[in-house]
Amino acid sequence: VQLQASGGGLVQAGGSLRLSCAAPRDIFSIYLMGWYRQAPGKQRELVATITTSGVTNYADTVKGRFTISRDNDKNTVNLQMNSLKPEDTAAYYCNAWFSSTNYWGQGTLVTVSS
């Protein structure tokens with residue numbers, strides 16, 4: 001299964017970026033979709049998830065700044081990141097999870113300069 005992530009880049013603190021992840025329709029329609037991130041020297045951590053019905057969950061560190069959403073027509077999950085901070089710098093990974101099955105996209109790098 002291929003999850004295609006895009007949208008990373010370099011931004012100044014306080015700026016915004018939007019990440020997108022495209023998934024196959026059969027995955028997107030039943031899997032919990034989410035974004036995780038991994039900073040250098042740190043463990044991968046949850047950023048946000050969204051269920052098939054649109055229920056969202058966020059890490060405390062991004063609440064109020066990041067918004068996860070689904071585009072059911074395009075089979076994509078998006079992560080709008082506002083008020084970015086240098087500590088948000090990481091590789092961001094798209095994830096699809098259902099039961100005991102887990103799929104990961106390739107990481108997309110987000111760098112926030114101070």
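Multiplying the residue separation of GLU87 and ARG25 by 0.36 nm and subtracting their alpha-carbon distance yields 19.0 nm.
For the chain, the solvent-accessible area with a 1.4 angstrom probe is 53 square angstrom per residue. Here the Debye sum runs over all C-alpha atoms of the chain as equal scatterers in vacuum, and log10 of I(q)/I(0) at q = 0.10, 0.15, 0.22, 0.24 Å⁻¹ comes out as -0.25, -0.58, -1.22, -1.43. With the whole protein complex present, THR52 retains an accessible surface near 70 Å², based on a 1.4 Å probe. The figure for TRP104 is an accessible area of roughly 100 square angstrom, using a 1.4 Å probe on the protein chains alone. Ignoring lysines fewer than eight residues from LYS74 along the same chain, the ones with Cα atoms less than 29 angstrom from its Cα are LYS63. Across the accessible surface of the stretch 1-59, with the other protein chains kept in place and a 1.4 Å probe, carbon and sulfur atoms take up 49 percent.
Evaluating 6.51 cos²θ - 1.76 cosθ + 1.60 at θ = phi - 60° for every residue in the stretch 10-23, the Karplus couplings come out as 9, 9, 7, 4, x, x, 10, 9, 10, 9, 10, 9, 9, 10 Hz, glycine and proline recorded as x.
P(r) tail for the stretch 53-94: Cα pairs beyond 16 Å make up 41% of the total. Just to be sure I understand: with springs between alpha-carbon atoms less than 10 Å apart, which residue in SER20, SER53, SER100 has the highest mean-square fluctuation in the Gaussian network model of the chain? Comparing SER20, SER53, SER100 in a Gaussian network model of the chain, the most mobile one is SER100.
Compared with the alpha-carbon gap, the fully stretched path from LEU10 to SER100 is longer by 28.9 nm at 0.36 nm per residue. Of SER99, SER69, SER83, the residue with the greatest mean-square motion in the GNM of the chain, using alpha carbon springs below 10 Å, is SER99.
Per-residue Karplus couplings for the stretch 96-110, computed as 6.51 cos²θ - 1.76 cosθ + 1.60 with θ equal to phi - 60°, are listed in order as 10, 9, 8, 6, 9, 9, 10, 10, 10, x, 6, x, 10, 7, 10 Hz, Gly and Pro entered as x. When you filter the trypsin sites (Lys or Arg not before Pro) in the stretch 1-68 for DSSP loop state and at most 12 other Cβ atoms inside 10 Å of their Cβ, you are left with LYS42, LYS63.
The values are calculated or read from the model by the stated rules, or taken from the named source; none is laboratory data. What you see is a predicted model, and the numbers here were worked out from it, not measured in a lab. Don't worry about glycine lacking a Cβ; one is built from the backbone with ideal geometry, like all the others, and counts go over all protein chains shown. For accessibility, only protein heavy atoms count, side chains too; no ligands or nucleic acids. Shrake-Rupley method; radii C 1.70, N 1.55, O 1.52, S 1.80 Å.
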